[in-house]
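The block underneath contains the structure these notes are about, expressed in structure tokens.
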Amino acid sequence: MAKPYRWFALRVLAPLVVPLSLTPLPLLADSSSPPSAALDAPPLSLETEVTIPPSAFYRAEALAQDQQPPQLQLPPLIEGPSFIELFLPNTPASIEEAEDAEIPSVTSTPAEPIVPPPLISLEITLDWYLNLQHAALLVAREKGMFLRRGLDVTLVSPADPNVPAKLLAAGRTDLALGRQPQLHLLANKGQPLVRVATLIGTPMAGLLLRAPLVGDNGELSLEGIHLGYTDLDGRDILLSRLLANVLTLEKGLDLVDARDVHYSARDTIREGVVDGVMINHRFLLPRQLLDEGVASHFLSVEEHGIPSHDGLILMANRDKLNGNKREAIRSLISAIEEATLWIFNHPEQAWELLATAEPALDDPATREAWELIYPRLSLQPAAVDQGRYYRFEQYLLNAGVFDTTTPLERLAIDLGAPNP
């Protein structure tokens with residue numbers, strides 16, 4: 001194949017060569033012209049410089065060819081046992097010795113178990129024997145909500161309904177259950193008690209009568225009857241103010257025979273020892289008496305002139321509410337809130353749990369009362385209704401029960417608030 005530049009030259013010269021080949025030879029020859037002289041060719045110059053290497057180059061190359069390549073030097077051979085043979089016995093063991101020899105094995109000591117931090121013990125003295133109003137405490141205990149927060153909670157039933165507040169004021173228990181009217185009464189007497197949680201946010205007290213006591217004019221008549229009470233706030237606040245409102249007499253309590261019946265409210269009514277009792281368990285005792293053939297009539301306190309209030313509260317000693325105990329009580333209230341929400345979400349499962357944990361609760365009257373009690377549990381136990389405590393304090397002042405009022409911060413606090 002012709003190279004490209006040759007092909008190009010051929011194409012350029014072809015038009016010139018063809019006419020010349022067709023021209024007659026005579027025209028090309030001019031006999032009359034003298035012969036021309038020969039042209040001298042110019043000298044050929046390649047314009048190339050040739051550089052000869054210096055003599056040192058040839059001497060270095062000759063030295064490199066004469067120099068021998070380096071040789072690898074091996075360490076001298078040392079006679080004697082090898083490194084591994086140093087650890088082997090001098091004489092081989094027999095087969096019997098080999099079979100009896102102990103085979104080394106890798107042993108490891110198990111890691112020491114992680115010891116959980118010690119539990120913080122809290123004792124709660126109840127206001128009464130265990131009942132459905134304590135459902136949040138029982139559920140939190142049975143479902144491990146206290147333990148998960150590092151708490152060891154003990155629930156103690158008192159020998160007397162008036163004992164819990166006394167034990168708390170004396171520092172002999174960590175917490176105690178009570179009622180808002182009871183708190184106002186004790187704080188006014190100088191007791192260092194303060195509300196830290198609300199378990200039931202509605203009144204649970206009322207006057208339970210054997211039968212409607214109707215006079216000749218058809219109105220309720222309580223003059224000359226025998227009435228019982230189970231605690232001091234039930235006598236000095238609830239019963240006193242209810243009788244004053246029903247009888248329209250400020251000294252209505254003086255018209256009746258009032259006596260302390262302690263835990264025997266049910267027995268004294270059934271046996272006719274008293275005509276009525278101021279109770280704090282309105283949803284249980286009337287049904288129990290009805291099952292025994294005793295008709296009753298209930299007067300709720302909130303419908304007879306007494307302001308609405310918290311029916312069940314958790315109280316602490318204000319003078320001892322600091323440091324680790326304060327944080328422990330916060331965790332306790334958090335567990336109560338979790339338990340209450342679980343009860344609202346699973347009321348049937350909650351009842352089964354309560355009946356299993358406390359078999360004494362498993363009876364028809366208590367089962368019926370459960371449907372009326374659990375909706376009254378407080379979903380926000382730590383929150384304080386300051387207006388409610390202020391209004392109740394003013395009510396007692398205006399009614400002449402108190403001569404002075406107690407500041408709100410000495411009555412109720414919210415431990416979850418930034419500055420309770």
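The values are calculated or read from the model by the stated rules, or taken from the named source; none is laboratory data. Just so we're clear, the structure is a prediction, and the values are computed from it rather than from any experiment. Please note: Cβ atoms are built from the backbone with ideal geometry, for glycine as well, and neighbour counts cover all protein chains shown. Protein only, heavy atoms only, side chains kept; ligands, DNA and RNA dropped before computing areas. Shrake-Rupley method; radii C 1.70, N 1.55, O 1.52, S 1.80 Å.
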I'd like the residue in segment 252-300 that is within 24 Å of Val401 (Cβ to Cβ), within 45 Å of the chain's Cα centre (by Cα) and among the hydrophobic types (A, V, I, L, M, F, W, C) and, out of all such residues, is most open to solvent (accessible area, probe 1.4 Å).
Phe298
Across segment 354-393, what is the number of residues that are under 30 Å from the mean Cα position of the chain (by Cα) and among the aromatic types (Phe, Trp, Tyr)?
3
Taking interchain pairs and intrachain pairs at least six residues apart, which have beta carbon atoms under 8 angstrom, with the first residue in segment 168-192 and farther than 20 Å from Val301 by Cα and part of a helix (DSSP H, G or I) and the second open to solvent by less than 40 Å² (accessible area, probe 1.4 Å) and of a type in the set (Phe, Trp, Tyr)?
Asn188/Phe402
So which residues in segment 301-322 are of a type outside the set (A, V, I, L, M) and either open to solvent by less than 50 Å² (accessible area, probe 1.4 Å) or touching a helix residue (DSSP H, G or I) at 6+ places or on another chain (Cβ under 8 Å) (or both), if there are any at all?
His304, Gly305, Pro307, Ser308, His309, Asp310, Gly311, Asn317, Arg318
For segment 221-234, how many residues meet the condition of being under 48 Å from the mean Cα position of the chain (by Cα) and surrounded by fewer than 19 Cβ atoms within 10 Å (Cβ to Cβ)?
1
Report yes if Ile373 is under 20 Å from Ile124 (Cβ atoms), of a type outside the set (Lys, Arg) and in contact with a helix residue (DSSP H, G or I) (Cβ under 6 Å, 6 or more places away or on another chain), otherwise no.
yes
Unique match (being in contact with a Pro (Cβ under 9 Å, 6 or more places away or on another chain) and assigned to a helix (DSSP H, G or I)) among Ile336, Ile329, Ile343:
Ile336
Residue ID - modelled with the highest pLDDT, chosen from residues in segment 242-274 that are under 19 Å from Asp231 (Cα atoms) and polar (S, T, N, Q)
Thr268
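For (1) in contact with a Gly (Cβ under 6 Å, 6 or more places away or on another chain); (2) at pLDDT 95 or above, each residue gets a yes or a no:
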position: Leu137; (1), (2): no, yes
position: Met145; (1), (2): no, yes
position: Leu151; (1), (2): no, yes
position: Leu168; (1), (2): no, yes
position: Thr173; (1), (2): no, yes
position: Ala187; (1), (2): no, yes
position: Ile200; (1), (2): yes, yes
position: Pro212; (1), (2): no, no
position: Glu219; (1), (2): no, no
Set Gly178, Gly190: member being of a type outside the set (S, T, N, Q) and closer than 20 Å to Ile333 by Cβ:
Gly178
Check whether at least one residue in segment 355-374 is of a type in the set (Val, Ile, Thr), open to solvent by 40 Å² or more (accessible area, probe 1.4 Å) and modelled with pLDDT of 95 or more, and report yes or no.
yes
May I ask you to list the residues in segment 121-175 that are crowded, with 18+ Cβ neighbours inside 10 Å and among the basic types (Lys, Arg)?
Arg141, Arg149
